[in-house]
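The values are calculated or read from the model by the stated rules, or taken from the named source; none is laboratory data. Predicted, not measured: the structure shown is a model, and the values here were computed from it. Every residue, glycine as well, gets a Cβ built from its backbone with ideal geometry; the counts of neighbours run over all protein chains shown.
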Amino acid sequence: MVMPTIVIKNVSFNYSSPAKRPALDNVSVRIAAGSFVGIVGHTGSGKSTLASLIDGLGRPTSGQIQVGDVTVTAQSSPADLARLRQHVGYVFQFPEQQLFAETVGQDIAFGPTNLGWSPERVQAAVSDALKLVDLPATFADRSPFALSGGQMRRVAIAGVLAMRPAILILDEPTAGLDAAATHRLLANIAKLHAAGTTILLITHQMDQVAEYADQVVVMNQGHLVKSAPPREIFADPAFLAANHLNVPAAVGMAHRLRDAGVSVDPALSIDALADQLAAKLGGKHGE
Ligand SMILES: Nc1ncnc2c1ncn2[C@@H]1O[C@H](COP(=O)(O)OP(=O)(O)OP(=O)(O)O)[C@@H](O)[C@H]1O
Ligand SMILES: [Mg+2]
């Protein structure tokens with residue numbers, strides 16, 4: 001698999017002109033191949049707009065987007081945008097709304113078929129994609145509309161994974177899912193990341209970002225305010241409040257423990273915090 005780096009240089013984007021304010025205003029960021037990036041920010045801050053430009057769904061009004069050996073600017077042709085899309089899979093918000101085929105298998109096959117793959121390769125891609133989202137092979141013959149909400153979401157994600165994108169963008173993938181489905185989906189995303197896929201996760205759930213991301217991009221009103229590791233982003237409550245971001249549960253709990261005189265290191269997940277407390281209390285953990 002190609003492992004493309006994403007370099008965004010001075011990108012601005014207006015949906016309409018003259019715009020009230022640009023949806024993206026002079027955004028620059030570098031995302032190394034293989035990263036797990038959380039893209040966060042208040043509603044309307046430009047997260048989905050940024051994602052759509054990385055997926056080549058539009059051209060920047062100014063600046064440039066580079067993904068591997070493909071560079072897109074305001075002057076780029078539709079063919080350039082298509083080359084960008086070859087590297088990227090974009091799971092839209094509520095992707096299950098876009099399911100359309102009679103069977104799960106046909107739905108997942110749609111993207112790979114459009115890439116011109118042979119029927120054998122498409123079939124293999126469909127069964128691999130079902131495995132990646134933890135659905136049994138027998139689901140291929142079922143109607144997508146007879147599934148639960150969480151299963152429909154997984155089928156829709158499988159449709160993107162079947163095309164084997166080097167970069168996977170997920171726009172609020174756990175919105176509307178219950179705790180169990182959320183946990184399962186994040187575990188699958190983490191598995192894809194471990195296998196080398198670059199993950200861009202757009203979410204309002206700071207717990208997810210704290211636990212999984214190695215880079216956090218904070219957007220506010222079209223500006224990229226900060227790009228840094230989660231430990232740095234979540235260490236500053238005033239910064240979080242100014243950017244309408246919640247404090248992750250583990251970070252908040254660590255603060256309260258320290259306020260109460262229990263010295264713990266800053267933790268980014270509840271599991272990590274529990275391990276620390278267990279070690280302090282002399283439990284069996286780690287023996
Ligand atoms: N299709 C569109 N036409 C015109 N303006 C748009 C369009 N989509 C988004 N915008 C505007 O662009 C700005 C950025 O929107 P965007 O959807 O990228 O934000 P977001 O961070 O994804 O928000 P949310 O968390 O609500 O999904 C907002 O001011 C929004 O109103
Ligand atoms: Mg959005």
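Does the range 36-57 include one or more residues that are surrounded by fewer than 22 Cβ atoms within 10 Å (Cβ to Cβ), farther than 23 Å from I233 by Cβ and in contact with a Pro (Cβ under 6 Å, 6 or more places away or on another chain)? No - not one qualifying residue is present in the range 36-57. Taken together, the residues in the range 243-261 that are under 16 Å from A272 (Cβ atoms) and either part of a loop (DSSP other than H, G, I, E, B) or not small (G, A, S) (or both) amount to 8.
Here L53 meets the list (1) more than 13 Å from ligand 1 (Cβ to nearest atom); (2) in contact with a Lys or Arg (Cβ under 9 Å, 6 or more places away or on another chain) almost entirely, failing just condition (1). Here D55 fulfils each of the conditions (1) within 26 Å of N246 (Cα to Cα); (2) within 16 Å of the chain's Cα centre (by Cα); (3) of a type in the set (D, E, K, R) apart from (1).
Taking the criterion of being in a loop (DSSP other than H, G, I, E, B) and within 16 Å of ligand 1 (Cβ to nearest atom), the residues of the range 190-207 that qualify are T203, H204, Q205. Determine whether the range 215-236 contains at least one residue that is away from ligand 1 (no atom under 12 Å from the Cβ), over 13 Å from V40 (Cβ atoms) and among the small types (G, A, S). There is at least one residue in the range 215-236 that is away from ligand 1 (no atom under 12 Å from the Cβ), over 13 Å from V40 (Cβ atoms) and among the small types (G, A, S).
Residue-level check: of (1) assigned to a helix (DSSP H, G or I); (2) on the phi > 0 side of the Ramachandran plot, A79 misses just (2). Residues that are in the same structural domain as N10 (by TED's automatic domain parsing), part of a loop (DSSP other than H, G, I, E, B) and hydrophobic (A, V, I, L, M, F, W, C) do not occur anywhere in the range 109-126. Pick from the range 191-204 the residues that are of a type outside the set (A, V, I, L, M) and out of contact with any helix residue (DSSP H, G or I) (no Cβ under 8 Å at 6 or more places or on another chain): which of them is nearest to I6 (Cα to Cα)? Ranking the qualifying residues of the range 191-204, first place goes to T198.
Can you pull out the residues in the range 133-180 that are within 16 Å of ligand 1 (Cβ to nearest atom) and either not assigned by TED's automatic domain parsing to the domain that holds T43 or not acidic (D, E) (or both)? If you could, list the steps in order and put the result at the bottom.
Taking the range 133-180 first, the residues within 16 Å of ligand 1 (Cβ to nearest atom) are 169-176.
If the condition is that a residue be within 16 Å of ligand 1 (Cβ to nearest atom) and either not assigned by TED's automatic domain parsing to the domain that holds T43 or not acidic (D, E) (or both), then I169, L170, P173, T174, A175, G176 are the ones that fit.
Given the residues I39, I6, I54, I65, which is the only one that is under 14 Å from L168 (Cα atoms), of a type in the set (A, V, I, L, M, F, W, C) and more than 16 Å from ligand 2 (Cβ to nearest atom)?
Working: I39 fails: more than 16 Å from ligand 2 (Cβ to nearest atom); I54 fails: more than 16 Å from ligand 2 (Cβ to nearest atom); I65 fails: under 14 Å from L168 (Cα atoms).
Exactly one residue qualifies, and that residue is I6.
Take G149 and decide whether it is surrounded by fewer than 21 Cβ atoms within 10 Å (Cβ to Cβ) and in contact with a helix residue (DSSP H, G or I) (Cβ under 8 Å, 6 or more places away or on another chain). Taking the combined requirement at face value, the residue satisfies it.
Considering only the range 198-226, state which residues are more than 16 Å from ligand 2 (Cβ to nearest atom), buried (at least 20 other Cβ atoms within 10 Å of the Cβ) and more than 24 Å from A179 (Cβ to Cβ). Within the range 198-226, T198, Q215 qualify. The set of residues in the range 254-286 that are polar (S, T, N, Q) and within 27 Å of L186 (Cβ to Cβ) comprises S269, Q276.
Among the residues of the range 68-93, the ones that are within 16 Å of ligand 2 (Cβ to nearest atom) and either in contact with a Phe, Trp or Tyr (Cβ under 7 Å, 6 or more places away or on another chain) or over 20 Å from F13 (Cα atoms) (or both) come to 2 in all. Number of residues in the range 237-268 that are surrounded by 12 or more Cβ atoms within 10 Å (Cβ to Cβ) and either farther than 24 Å from K47 by Cα or charged (D, E, K, R) (or both): the value is 11.
Scan the range 2-28 for residues that are more than 15 Å from ligand 1 (Cβ to nearest atom) and either loosely packed, with under 14 Cβ neighbours inside 10 Å or at pLDDT 95 or above (or both) and jot them down.
Restricting attention to the range 2-28, the residues satisfying the condition of being more than 15 Å from ligand 1 (Cβ to nearest atom) are 2-7, 9-10, 28.
Listed by number, the residues that qualify are V2, T5, I6, V7, K9, N10, S28.
Only residues that are under 28 Å from V247 (Cα atoms), part of a loop (DSSP other than H, G, I, E, B) and aromatic (F, W, Y) were counted across the range 1-40, and they come to 0.
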